[in-house]
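The values are calculated or read from the model by the stated rules, or taken from the named source; none is laboratory data. Every value quoted in this text rests on a predicted model; they were computed, and no experiment measured them. A quick note on method: Cβ atoms are made from the backbone with ideal geometry, for glycine too, and the neighbour counts reach across all protein chains shown. Accessible surface areas use protein heavy atoms only, side chains included; no ligands, DNA or RNA. Shrake-Rupley method; radii C 1.70, N 1.55, O 1.52, S 1.80 Å.
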Amino acid sequence: MIDKKIQDAFNGQINAEIYSSYLYLSMEAYFGSINLPGFANWMRCQAQEELLHAMKFFDFINERGGDVNLTQIDGPPTKWDSPLHAFEEAYKHEQKVTALINGLVDLAIADRDHASANFLQWFVTEQVEEEASAYDVVQRLKLAGDQGGGMFMIDRELATRTFVYPTAGTQGA
Ligand code: FEO
């Protein structure tokens, strides 16, 4: 049985992960509006991953006999100054999520909840990748500067990202 304190914190993380999905969907719409379909594709894949993150917490709370409590999701921003600005914000957002995950790990350890601490390790690893992938695009956009050719190449590359919904028992893609 999951402790109420951990359950409430995990419910808060479900909200944060769905907000992340909302944020990236909003970024997808922004990139679509400025005719960068590859960037938009990258954001769609990212938004889908975030929903999976939320579902991992959802399933874990249920498995441990807790109550899932879904709460209102804030509206994300809808406009950014440039592709670089959007990706800088995505990177900053992932740093915030990393801090949230670290806080949950601290809470689980303080509560001597080894099952939750173990469950959270997947997210600790995932956040390294989440930060790195957003930061990688930030760096490439900085290198490309205002050059249309560079932007076009990055767009073509980001168009190749795919998202495959994991089959039962393999969630964690
Ligand atoms: Fe769910 Fe991008 O962290």
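Using a probe radius of 1.4 Å on heavy atoms only, what accessible surface per residue do you get for the stretch 1-157? Whole Å² is fine.
Each residue of the stretch 1-157 exposes 51 Å² on average to a 1.4 Å probe.
What is the dipole size for the stretch 53-96, taken about its Cα centre, with +1 at each Lys and Arg Cβ and -1 at each Asp and Glu Cβ, in debye to the nearest 20?
So the magnitude is around 40 debye.
Would you work out what percent of the accessible area of the chain, with all protein chains in place, is carbon or sulfur (probe 1.4 Å)?
55 percent
Scan the chain and report its longest stretch carrying no trypsin sites (Lys or Arg not before Pro) that are both in a DSSP loop and have at most 11 other Cβ atoms within 10 Å.
1-78
As I understand it, the value is the acute angle between the Cα axis of helix 148-158 and the longest principal axis of the Cα atoms of the chain; what does it come to in degrees, rounded to 10?
It works out to around 30 degrees.
Just to check I understand the Karplus step: with θ = phi - 60° and J = 6.51 cos²θ - 1.76 cosθ + 1.60, what whole-Hz values come out for the stretch 90-104, glycine and proline as x?
Once rounded to whole Hz, the list reads 5, 5, 4, 4, 5, 4, 5, 5, 4, 5, 5, 5, 4, x, 5.
So, in Å, what gap is there between the alpha-carbon centers of the stretch 27-61 and the stretch 102-144?
Here the two parts' Cα centres lie 17 Å apart.
Hey, what do the phi angles of the stretch 31-36 turn into as Karplus ³J(HN,Hα) couplings, whole Hz, using 6.51/-1.76/1.60 and θ = phi - 60°, x for Gly and Pro?
For the stretch 31-36, the Karplus curve yields 5, x, 6, 10, 6, 10 Hz.
Specify the angular offset, from 0 to 90 degrees and rounded to the nearest 10, of the alpha carbon long axis of helix 37-63 from the longest principal axis of the alpha carbons in the chain.
0 degrees
I'd like the FRET efficiency for Gln72 and Gln147, computed as 1/(1 + (r/R0)^6) with the beta carbon distance as r and R0 of 30 Å, rounded to 0.05.
So, using R0 = 30 Å, E works out to roughly 0.10.
Calculate, in nm to one decimal, what Thr162 and Asp111 gain on full extension: separation in residues at 0.36 nm each, minus their alpha carbon distance.
Full extension of this stretch gives 14.5 nm more.
If you fit an axis through the alpha-carbon atoms of helix 114-144 and take the longest principal axis of the Cα set of the chain, what angle between them do you get, 0 to 90°, nearest 10?
On a 0 to 90 degree scale, this one is about 10.
In nanometres, what is the gap between the two model label sites at Asp81 and Gln48, each 7 Å from Cα along Cα-to-Cβ?
3.3 nm
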